[in-house]
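Colleague: Structure provided below as structure tokens; questions to follow.
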Amino acid sequence: MSIALLGMLPVDHRDFVREGENPRMPKPTKTHCILPAILERARDFRHPLTPPEAKVWRAVRNRQLGFKIRRQYPVGRFISDFYCAEAKLVIEIDGDTHAAPDQAAYDAARTAWLEARGYKVIRFAARRRHP
């Protein structure tokens, strides 16, 4: 950045800019905290993808829909399959394990918890196709 631009900065900012450095605003502090155990578990879930997750990921990655979508992303105390922060949208791909009665109750409680905090939750059933 040229020295001429430094003249455009407010006076108090000049004190923080050393010669040869780019003047930058400080990064905003995070407003949320992710527990290290949940973060590690989310990272472990990212590989390998299940076939239904891989199909969805191919369709939504790299802002193909106009929104940034993250996969296996911690939202509160839960790990979502896919998450869009801009839309506060959680996308879940429910496989065979979600058919059990106790899992269905857990999923309903999880959805209620997320929706109570302003998230929209979309669930898709991942059904296997048999030839």
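Colleague: Which whole-number percent gives the relative contact order of segment 29-125, counting Cα pairs below 8 Å spaced six or more residues apart? It would help to have the intermediate numbers written out before the result.
Modeller: On the way: 101 pairs, mean separation 20.0, N = 97.
Value for segment 29-125: 21 percent.
Colleague: Taking a ≥ b ≥ c as the square roots of the Cα gyration tensor eigenvalues, with a/c under 1.5 meaning rounded and otherwise prolate when a/b beats b/c, else oblate, which class fits segment 29-125? Before the final figure, lay out the partial values.
Modeller: Numbers: a/c = 1.32, a/b = 1.06, b/c = 1.25.
The shape class here is rounded.
Values in this text are rule-based calculations from the coordinates and carry no lab data. What you see is a predicted model, and the numbers here were worked out from it, not measured in a lab.
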